[in-house]
Amino acid sequence: MYEGAVQDLIDELGRLPGVGPKSAQRIAFHLLATEPADVERLAATLIRVKNEVRFCTVCGNVAESDVCRICSDARRDQSIICVVEEPKDVVAIERTREFRGRYHVLGGAISPIDGVGPDDLRIRELLARLRDGAVTEIILATDPNLEGEATATYLARMISPMGLTVTRLASGLPVGGDLEYADEVTLGRAFSGRRRVE
(Lines give C-alpha, C1' and ligand atoms only; values in the text may rest on other atoms or scores of the structure.)
Protein backbone atom coordinates (compact mmCIF):
# COMPACT_ATOMS: atom_id res chain seq x y z
CA MET A 1 0.00 0.00 0.00
CA TYR A 2 1.12 3.51 -0.82
CA GLU A 3 0.53 6.77 0.96
CA GLY A 4 -2.22 9.31 0.48
CA ALA A 5 -2.71 10.66 -3.03
CA VAL A 6 -0.83 7.83 -4.77
CA GLN A 7 -3.03 5.16 -3.17
CA ASP A 8 -6.15 7.23 -3.88
CA LEU A 9 -5.15 7.42 -7.55
CA ILE A 10 -4.53 3.65 -7.70
CA ASP A 11 -7.89 3.01 -6.02
CA GLU A 12 -9.75 5.30 -8.44
CA LEU A 13 -8.04 3.81 -11.50
CA GLY A 14 -8.85 0.32 -10.18
CA ARG A 15 -12.56 1.19 -10.27
CA LEU A 16 -12.43 1.52 -14.07
CA PRO A 17 -13.77 -1.48 -16.01
CA GLY A 18 -11.04 -3.87 -17.11
CA VAL A 19 -8.38 -2.25 -14.90
CA GLY A 20 -7.15 -4.58 -12.19
CA PRO A 21 -4.92 -3.68 -9.22
CA LYS A 22 -1.64 -4.23 -11.10
CA SER A 23 -2.77 -2.22 -14.15
CA ALA A 24 -4.02 0.57 -11.87
CA GLN A 25 -0.64 0.68 -10.19
CA ARG A 26 1.20 0.77 -13.56
CA ILE A 27 -1.02 3.59 -14.85
CA ALA A 28 -0.62 5.56 -11.62
CA PHE A 29 3.18 5.38 -11.77
CA HIS A 30 3.12 6.23 -15.47
CA LEU A 31 1.12 9.37 -14.63
CA LEU A 32 3.57 10.26 -11.85
CA ALA A 33 6.46 10.10 -14.34
CA THR A 34 4.59 12.05 -17.03
CA GLU A 35 5.12 15.76 -17.66
CA PRO A 36 2.66 17.94 -15.67
CA ALA A 37 1.31 19.52 -18.89
CA ASP A 38 0.35 16.08 -20.22
CA VAL A 39 -1.42 15.15 -16.98
CA GLU A 40 -3.24 18.50 -16.96
CA ARG A 41 -4.36 17.92 -20.56
CA LEU A 42 -5.70 14.46 -19.58
CA ALA A 43 -7.53 15.89 -16.56
CA ALA A 44 -9.00 18.73 -18.64
CA THR A 45 -10.17 16.25 -21.29
CA LEU A 46 -11.87 14.07 -18.67
CA ILE A 47 -13.67 17.08 -17.22
CA ARG A 48 -14.64 18.31 -20.72
CA VAL A 49 -16.07 14.90 -21.66
CA LYS A 50 -18.09 14.79 -18.45
CA ASN A 51 -19.43 18.34 -19.00
CA GLU A 52 -20.03 18.32 -22.76
CA VAL A 53 -20.89 14.78 -23.83
CA ARG A 54 -24.45 13.53 -23.39
CA PHE A 55 -26.65 10.85 -24.88
CA CYS A 56 -28.68 11.49 -28.03
CA THR A 57 -32.34 12.11 -27.19
CA VAL A 58 -33.39 10.05 -30.23
CA CYS A 59 -31.17 6.96 -30.27
CA GLY A 60 -29.12 7.01 -27.04
CA ASN A 61 -25.73 7.24 -28.77
CA VAL A 62 -23.07 9.59 -27.38
CA ALA A 63 -23.38 13.14 -28.68
CA GLU A 64 -22.16 16.65 -28.00
CA SER A 65 -25.61 18.11 -28.68
CA ASP A 66 -29.15 16.89 -28.08
CA VAL A 67 -29.15 14.83 -31.30
CA CYS A 68 -26.13 12.83 -32.52
CA ARG A 69 -24.60 13.26 -35.97
CA ILE A 70 -26.14 10.00 -37.25
CA CYS A 71 -29.71 10.91 -36.25
CA SER A 72 -29.30 14.41 -37.70
CA ASP A 73 -27.98 13.07 -41.04
CA ALA A 74 -30.88 13.32 -43.52
CA ARG A 75 -29.10 10.90 -45.89
CA ARG A 76 -29.53 7.98 -43.45
CA ASP A 77 -32.35 5.50 -44.17
CA GLN A 78 -35.07 6.20 -41.60
CA SER A 79 -36.92 2.96 -42.36
CA ILE A 80 -34.28 0.70 -40.76
CA ILE A 81 -33.16 0.77 -37.13
CA CYS A 82 -30.22 -1.29 -35.91
CA VAL A 83 -30.58 -2.05 -32.19
CA VAL A 84 -27.30 -2.32 -30.28
CA GLU A 85 -26.35 -2.61 -26.61
CA GLU A 86 -23.76 0.16 -26.22
CA PRO A 87 -22.46 3.23 -28.12
CA LYS A 88 -19.21 1.35 -28.85
CA ASP A 89 -21.29 -1.08 -30.94
CA VAL A 90 -22.40 1.82 -33.16
CA VAL A 91 -18.74 2.65 -33.81
CA ALA A 92 -17.98 -1.00 -34.69
CA ILE A 93 -20.84 -1.17 -37.20
CA GLU A 94 -20.03 2.24 -38.69
CA ARG A 95 -16.46 1.07 -39.38
CA THR A 96 -17.84 -1.58 -41.76
CA ARG A 97 -19.49 1.10 -43.95
CA GLU A 98 -22.22 -1.48 -44.70
CA PHE A 99 -25.15 0.04 -42.79
CA ARG A 100 -26.81 3.34 -43.77
CA GLY A 101 -29.83 3.28 -41.47
CA ARG A 102 -30.37 4.61 -37.98
CA TYR A 103 -29.48 3.14 -34.57
CA HIS A 104 -31.03 2.58 -31.19
CA VAL A 105 -28.73 2.09 -28.20
CA LEU A 106 -30.34 0.08 -25.41
CA GLY A 107 -27.76 0.92 -22.76
CA GLY A 108 -27.01 -2.72 -21.94
CA ALA A 109 -28.61 -6.15 -22.15
CA ILE A 110 -31.09 -8.10 -20.07
CA SER A 111 -29.13 -9.85 -17.32
CA PRO A 112 -31.08 -11.16 -14.31
CA ILE A 113 -27.81 -12.13 -12.60
CA ASP A 114 -26.69 -8.48 -12.70
CA GLY A 115 -30.16 -7.22 -11.82
CA VAL A 116 -30.78 -5.72 -15.27
CA GLY A 117 -34.31 -6.20 -16.54
CA PRO A 118 -36.20 -4.83 -19.57
CA ASP A 119 -37.28 -1.73 -17.62
CA ASP A 120 -33.62 -0.81 -17.08
CA LEU A 121 -32.98 -0.56 -20.83
CA ARG A 122 -34.17 1.96 -23.43
CA ILE A 123 -36.89 -0.37 -24.74
CA ARG A 124 -39.80 2.04 -24.15
CA GLU A 125 -37.96 4.65 -26.21
CA LEU A 126 -37.48 2.12 -29.02
CA LEU A 127 -41.17 1.24 -29.06
CA ALA A 128 -42.04 4.95 -29.16
CA ARG A 129 -39.85 5.35 -32.27
CA LEU A 130 -41.80 2.58 -34.01
CA ARG A 131 -45.25 4.11 -33.51
CA ASP A 132 -45.21 6.55 -36.45
CA GLY A 133 -44.96 3.77 -39.06
CA ALA A 134 -41.81 5.12 -40.77
CA VAL A 135 -39.71 2.12 -39.66
CA THR A 136 -40.12 -1.12 -41.62
CA GLU A 137 -37.18 -3.20 -40.36
CA ILE A 138 -35.48 -3.71 -37.02
CA ILE A 139 -32.02 -5.31 -37.01
CA LEU A 140 -31.18 -6.88 -33.65
CA ALA A 141 -27.42 -6.50 -33.28
CA THR A 142 -27.02 -7.42 -29.62
CA ASP A 143 -23.96 -9.40 -28.56
CA PRO A 144 -23.95 -13.14 -29.39
CA ASN A 145 -23.83 -14.17 -25.73
CA LEU A 146 -26.45 -15.31 -23.23
CA GLU A 147 -27.52 -11.78 -22.28
CA GLY A 148 -27.55 -10.54 -25.87
CA GLU A 149 -29.60 -13.52 -27.03
CA ALA A 150 -32.11 -13.04 -24.19
CA THR A 151 -32.44 -9.36 -25.11
CA ALA A 152 -32.87 -10.11 -28.82
CA THR A 153 -35.51 -12.77 -28.09
CA TYR A 154 -37.41 -10.40 -25.78
CA LEU A 155 -37.35 -7.60 -28.37
CA ALA A 156 -38.38 -9.91 -31.22
CA ARG A 157 -41.41 -11.06 -29.23
CA MET A 158 -42.42 -7.46 -28.56
CA ILE A 159 -41.82 -6.10 -32.07
CA SER A 160 -42.93 -8.96 -34.36
CA PRO A 161 -46.66 -8.46 -33.62
CA MET A 162 -46.30 -4.87 -34.90
CA GLY A 163 -45.87 -6.21 -38.44
CA LEU A 164 -42.28 -5.06 -38.82
CA THR A 165 -39.50 -7.16 -40.30
CA VAL A 166 -37.26 -8.27 -37.44
CA THR A 167 -33.81 -9.58 -38.38
CA ARG A 168 -30.79 -10.71 -36.35
CA LEU A 169 -27.16 -10.29 -37.37
CA ALA A 170 -25.70 -13.53 -38.66
CA SER A 171 -23.12 -15.21 -36.48
CA GLY A 172 -20.72 -18.04 -37.07
CA LEU A 173 -17.10 -18.69 -37.83
CA PRO A 174 -14.66 -15.78 -37.82
CA VAL A 175 -12.52 -15.17 -40.89
CA GLY A 176 -9.13 -16.75 -40.32
CA GLY A 177 -10.44 -19.17 -37.69
CA ASP A 178 -9.98 -22.94 -37.55
CA LEU A 179 -12.95 -25.34 -37.38
CA GLU A 180 -11.28 -27.45 -34.70
CA TYR A 181 -11.26 -24.47 -32.28
CA ALA A 182 -14.89 -23.44 -32.84
CA ASP A 183 -17.34 -24.24 -30.06
CA GLU A 184 -20.51 -26.23 -30.83
CA VAL A 185 -22.85 -23.22 -30.68
CA THR A 186 -20.74 -21.15 -33.08
CA LEU A 187 -20.31 -24.04 -35.49
CA GLY A 188 -24.05 -24.79 -35.31
CA ARG A 189 -24.88 -21.18 -36.15
CA ALA A 190 -22.45 -21.24 -39.04
CA PHE A 191 -24.30 -24.24 -40.46
CA SER A 192 -27.77 -22.76 -39.98
CA GLY A 193 -26.68 -19.41 -41.46
CA ARG A 194 -24.93 -20.87 -44.50
CA ARG A 195 -25.63 -19.30 -47.90
CA ARG A 196 -25.35 -20.29 -51.53
CA VAL A 197 -21.98 -19.73 -53.22
CA GLU A 198 -22.37 -18.10 -56.62
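Test V175 against the stated conditions and say whether it is among the aliphatic types (A, V, I, L, M) and surrounded by 13 or more Cβ atoms within 10 Å (Cβ to Cβ). The answer is no for V175.
Tally time: how many residues in segment 49-102 are small (G, A, S), assigned by TED's automatic domain parsing to the domain that holds A152 and touching a strand residue (DSSP E or B) at 6+ places or on another chain (Cβ under 6 Å)? Selection size over segment 49-102: 1.
Looking across segment 110-164, the residues that are among the β-branched types (V, I, T), touching a residue at least 24 places away in the same chain (Cβ under 8 Å) and over 18 Å from E86 (Cα atoms) come down to V135, T136, I159. Flag: T57 matches the condition of being surrounded by fewer than 16 Cβ atoms within 10 Å (Cβ to Cβ), at negative phi and in a loop (DSSP other than H, G, I, E, B).
Each residue in segment 111-148 was checked for being touching a strand residue (DSSP E or B) at 6+ places or on another chain (Cβ under 6 Å) and under 30 Å from E184 (Cβ atoms), and 5 of them qualify.
Please determine, by comparing only the residues of segment 185-198 that are within 24 Å of the chain's Cα centre (by Cα) and not in a loop (DSSP other than H, G, I, E, B), which one is nearest to L130 (Cα to Cα). Let's see the steps before the verdict.
Step one: filter segment 185-198 for residues within 24 Å of the chain's Cα centre (by Cα), giving 185-186, 189-190, 193.
Among the residues that remain, those that are also not in a loop (DSSP other than H, G, I, E, B) are: 185-186, 189-190.
Working: V185: 32, T186: 32, R189: 29, A190: 31 Å.
Going through the qualifying residues, I end up with R189.
The values are calculated or read from the model by the stated rules, or taken from the named source; none is laboratory data. Worth saying up front: this structure is predicted, and the values here are computed from it rather than measured. Backbone-built Cβ (ideal geometry, glycine too); neighbour counts: all protein chains shown.
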